[in-house]
Amino acid sequence: MNKRRFLRASAAVAAGLAGMRAATAQQAPALKLIVGFPPGGSGDTFARLIAEQLRPDLGTVVIENREGAGGLVAAEAFLRAPADGYTAMMHTASSAVFAPLIRKKPPYDPLKDFQWVALMSVAPLVLVAHPGLPVADLKSLLAHLRARPGQPYGSAGIGASTHLAAELLFDTAGVKMLHVPYKGSAPSITDTIGGNVTCMLETLQTTYRLHAAGKLRIVAVLGESRLPGAPEIPTAREQGVDVIASTYNLLALPVQAPAERAAALARALGNAMRNPEFQKRLVADGLQPLADVTPERTRAFVAAEVARWAPVARRLGIEL
């Protein structure tokens with residue numbers, strides 16, 4: 001076989017395999033992906049992005065938003081769903097760790113009641129302020145707030161990562177604030193833009209375009225280093241406040257879901273997260289994409305986060 005024929009044959013095989021993959025995906029039942037926050041927030045945004053990436057392998061992916069209580073409403077609905085492997089939950093730090101952590105009687109145990117499939121990304125939180133405030137950076141914002149104790153700040157809900165991380169930030173900085181919880185980050189962002197709350201923690205993914213348009217002001221990144229998607233914004237640590245806090249995106253199935261279904265979902269997620277263009281998109285949005293985090297490592301990550309934040313919640317007196 002000459003080189004031209006070989007290349008033609010190789011292309012035909014590749015096209016055939018792609019066609020078989022697409023046909024198999026179209027025949028499979030739809031995957032329902034439960035999200036604990038309303039449309040427009042960082043958790044929902046990531047879920048919709050990953051759903052698009054999963055469709056070539058899995059076929060139809062349907063997003064179902066069940067907002068409320070930092071993701072607990074969604075988690076409880078997920079745990080009542082059939083354990084056939086065709087209902088999955090997109091977790092953030094809130095539903096995976098924080099929301100159950102602060103409750104005297106948590107409705108679930110994140111280490112026992114979920115079959116963790118993959119940790120897909122980590123995103124340092126950013127502190128955003130209403131642009132009308134006379135502040136330019138974290139130092140001036142904290143000085144402004146110290147002079148006016150009891151100012152309201154927003155979060156994605158009681159027990160959300162943006163709640164506990166904000167309490168840790170303000171406690172470390174010696175600032176007294178009033179917590180105003182919302183049903184997700186999207187309405188909290190809206191009220192920060194409108195000046196109904198002074199500031200909030202969120203991700204770069206949902207705030208940078210608003211920052212660039214002058215509708216919000218990002219004053220600090222709560223990460224180890226500056227973000228590639230916004231290198232001009234300094235970290236809180238650079239500005240004298242040593243607080244590190246992130247949210248993350250994880251996917252879980254019910255513990256009783258078939259092992260082969262979990263393996264298929266893990267393969268599809270791996271394919272998605274190894275896509276170079278998708279990785280570039282996530283990095284530009286302030287996320288660190290993770291392509292090969294196994295179920296075992298994902299569960300270990302959740303356990304480490306629970307161990308890290310449990311004493312913080314106790315020290316700050318955050319309990320429901």
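Extending each Cα 7 Å along its Cβ direction at K280 and E224, get the distance between those two points in nm, one decimal.
2.6
Return the distance in nm (one decimal) between the two label points of a simple spin-label model at A310 and K104, each offset 7 Å from Cα along Cα→Cβ.
That separation, rounded to one decimal, is 1.9 nm.
Hey, for a label at E232 modelled as a point 7 Å past Cα toward Cβ, could you say which residues of the stretch 122-139 have their backbone N under 19 Å away?
Answer for this model: 126-139.
Leaving out ligands, DNA and RNA, what percent of the accessible area of the chain is carbon and sulfur, probe 1.4 Å? Kindly include the intermediate steps, with their values, before the conclusion.
Working: 7690 of 14010 Å².
That fraction is 55 percent.
Mind listing the long-range amide H neighbours of E64? Cut-off is under 5 Å, sequence gap 5 or more, other chains count too, H placed in the peptide plane at 1.01 Å from N.
Hits under the 5 Å cutoff: L33, I34, V35.
Taking each pair of different alpha-carbon atoms in the stretch 154-217 once, compute 1/r for the pair, average those values, and report the inverse of that mean as the Kirkwood hydrodynamic radius in Å to one decimal.
Values: mean 1/r = 0.0841 Å⁻¹.
Answer for the stretch 154-217: a Kirkwood hydrodynamic radius of 11.9 Å.
Between rounded, prolate and oblate, where does the stretch 32-80 land on the alpha carbon gyration tensor, with a ≥ b ≥ c its root eigenvalues, rounded for a/c under 1.5, else prolate if a/b exceeds b/c?
Oblate is the answer for the stretch 32-80, as a/c is 1.5 or above yet b/c matches or exceeds a/b.
Residue-wise, which Karplus ³J(HN,Hα) couplings in Hz belong to the stretch 113-120, taking 6.51 cos²θ - 1.76 cosθ + 1.60, θ = phi - 60°, and x for glycine or proline?
9, 10, 9, 6, 9, 6, 9, 9
With r defined as the distance between the Cβ atoms of E319 and A213 and R0 fixed at 35 Å, what FRET efficiency is calculated, to the nearest 0.05?
On the way: r = 39 Å, r/R0 = 1.10.
FRET efficiency, E319 to A213: 0.35.
Could you give the DSSP H helices of the chain that reach 20 angstrom or more along their long axis (alpha carbon positions) and whose average Kyte-Doolittle hydropathy is no lower than 0.0? Spell out each step's value before the answer.
Values: long enough: 3-27 (36 Å, 0.06); 42-58 (24 Å, -0.25); 259-273 (21 Å, 0.38); 295-316 (31 Å, -0.20).
Taking the DSSP H segments of the chain (at least 20 Å long, mean hydropathy at least 0.0), we get 3-27, 259-273.
In what order, largest first, do R103, R66 sit by accessible area if the probe radius is 1.4 Å?
Values: R103 45, R66 90 Å².
Sorted descending by solvent-accessible area, the residues read R66, R103.
Counting helices only, and only those DSSP H runs with n ≥ 4, report the 222 nm mean residue ellipticity of the chain as the sum of -39,500 (n - 2.57) divided by its residues, in deg cm²/dmol to the nearest 500. Mind dumping the intermediate values first?
On the way: 10 runs with 138 residues, N = 320.
Only helices count here, giving -14000 deg cm²/dmol.
Kindly state, as a whole number, the per residue volume in cubic angstrom of the convex hull around the alpha carbon atoms of the chain.
Working: hull volume 44.4 nm³, N = 320.
Per residue, the Cα convex hull of the chain comes to 139 Å³.
Hey, what does the equivalent ellipsoid look like for the stretch 144-278, semi-axes from the Cα gyration tensor as sqrt of 5 times each eigenvalue, largest first, whole Å?
32, 18, 15
The values are calculated or read from the model by the stated rules, or taken from the named source; none is laboratory data. Worth saying up front: this structure is predicted, and the values here are computed from it rather than measured. Positions of Cβ are generated from backbone atoms using ideal geometry, with glycine treated the same way; all protein chains shown enter the neighbour counts. Calculation scope for accessible area: heavy atoms of the full protein, side chains included, ligands and nucleic acids excluded. Shrake-Rupley method; radii C 1.70, N 1.55, O 1.52, S 1.80 Å.
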